[in-house]
Amino acid sequence: MRNIFVARAFKEDANAQAWSFRESGVVELNYGFTSAAMIYATTYCHFYDAMATTANDVDFSDDDTEVLSMILEEIENGAFEPILVAENLRSDWRESGRIYAAHPALLELPKSRNPSQYHNLVRTIEEFAIAHELSHHMLGHTESALRRRVQVSSAVQEWLDRSGSREVCNNLNPDQIQEIEADIGAFLLVSGVLSNQATHGRIYNGVAGSMLALIALGHISENWISDNAPEKTHPGFIDRYDVMCRVVRELTLPLPQGSIGDHPLGFLLHFQGFISIVVQFWQSRAKAEMKDPHFLNIFSWMLDRAVELEEELKSGASPVPGNAQSGIQKGSQS
């Protein structure tokens, strides 16, 4: 392959795609996907702010249970309203083919988040989507040929094995397996693992970009559970999310915690909590027997999982094995 061209598209679905033109590779990023990235970045920012407020500012020992309930209700509303707005607008987006953020809840950031942080988050979501399409070219899934194809394919296959993700692929058709491979390739590319230039900051960006890109695509398309019929080219969100969590865990578990106790798996935990809320709201509307999520339940689950993770990191941290991980360097999260 001589060149890869990345272009913005304004028609078709809110997605990205890779295709070949003569000896060049083309990646198209639809503007609808960027709109979706902006929407789900906003909803996540509100969720993160609500979790931080609850952890830092709420006194659960307060004897005034009525005041405490009012505070928690206000925090829950702040976290849930943007997600509910996105859920309620989703059918309109699918029918019209246009994704937009017209509701104030999808436009206004929490006070703790500045525009620069928000746009950086949107950028990481776009970067993962573009890296996914680049990976299709790099893995030989398109007609374009890449000199490093064997090297890239070998790295992806290694992480499929190392993360235990092959068992997820057993029930997928060949096209869907290629999508899983492109997801892994995208994470290795964005995090710098593929080029032996990984940093903690790039890994954090890979976690954020992959989690929000996959939930945005899964939620909008309502493609949750994989159907391996021949005409189904993409696996469902659950399988793609499962694989990505496995890869992140396998890559980062051996890493030591940061100076303030931070760790990529702790960052991943925030997205797992957020994603569980999005999925539960969808389920409660799609299935009559399902109930809406409860903020305090999610918060409690995350606290319990954080304690378990802390113990796991203390007992499991070790020198980073393998050539693919040996280049991880200290770096700030961007």
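For the range 240-271, the set of residues classified as open to solvent by 10 Å² or more (accessible area, probe 1.4 Å) and touching a residue at least 60 places away in the same chain (Cβ under 8 Å) consists of 240, 242, 246, 249, 250, 253, 254, 256, 257, 267, 270, listed by residue number.
Scanning the range 154-198 for residues being among the hydroxyl-bearing types (Ser, Thr, Tyr) and more than 18 Å from the chain's Cα centre (by Cα) gives a total of 2. Under the condition of being open to solvent by less than 60 Å² (accessible area, probe 1.4 Å) and in contact (Cβ under 8 Å) with a residue 40 or more places away in the chain, the residues counted in the range 1-14 number 2.
Restricting the range 272-294 to residues that are among the small types (Gly, Ala, Ser) and at pLDDT 90 or above, which is surrounded by the most Cβ atoms within 10 Å (Cβ to Cβ)?
In this case the residue turns out to be 273.
Evaluated against (1) farther than 19 Å from residue 279 by Cβ; (2) in a helix (DSSP H, G or I); (3) acidic (Asp, Glu), residue 231 falls short on exactly one condition, (2).
Tell me the residue from 319, 254 that is in a loop (DSSP other than H, G, I, E, B) and at pLDDT 90 or above, please.
Answer to the check: 254.
Scanning the range 163-183 for residues that are surrounded by fewer than 16 Cβ atoms within 10 Å (Cβ to Cβ) and at negative phi returns 166, 167, 170, 171, 174, 175. Being within 21 Å of residue 272 (Cβ to Cβ), surrounded by 21 or more Cβ atoms within 10 Å (Cβ to Cβ) and modelled with pLDDT of 90 or more: is that true of residue 186 here? Taking the combined requirement at face value, the residue satisfies it. State yes or no: is residue 222 on the phi > 0 side of the Ramachandran plot and either modelled with pLDDT under 95 or surrounded by fewer than 20 Cβ atoms within 10 Å (Cβ to Cβ) (or both)? So residue 222 passes the test. Scanning the range 192-209 for residues that are open to solvent by less than 10 Å² (accessible area, probe 1.4 Å), in contact with a Gly (Cβ under 9 Å, 6 or more places away or on another chain) and farther than 14 Å from residue 152 by Cα yields a total of 4. Restricting attention to the range 99-136, the residues being more than 20 Å from the chain's Cα centre (by Cα), part of a helix (DSSP H, G or I) and surrounded by 15 or more Cβ atoms within 10 Å (Cβ to Cβ) number 1.
Going residue by residue through the range 288-300, is there one that turns out to be of a type in the set (D, E, K, R) and more than 27 Å from residue 69 (Cα to Cα)? No; the residues of the range 288-300 include none that is of a type in the set (D, E, K, R) and more than 27 Å from residue 69 (Cα to Cα). Residues in the range 24-63 that are more than 18 Å from the chain's Cα centre (by Cα) and open to solvent by 70 Å² or more (accessible area, probe 1.4 Å): 31, 56, 57, 59, 60, 61, 63. Number of residues in the range 72-107 that are free of Cβ contacts under 8 Å to residues at least 60 places away in the same chain, of a type in the set (D, E, K, R) and within 29 Å of residue 57 (Cβ to Cβ): the value is 3.
The values are calculated or read from the model by the stated rules, or taken from the named source; none is laboratory data. What you see is a predicted model, and the numbers here were worked out from it, not measured in a lab. Neighbour counts run over all protein chains shown; Cβ positions are idealised from the backbone, glycine included. Only protein heavy atoms, including side chains, enter the accessible area calculation; ligands, DNA and RNA are left aside. Shrake-Rupley method; radii C 1.70, N 1.55, O 1.52, S 1.80 Å.
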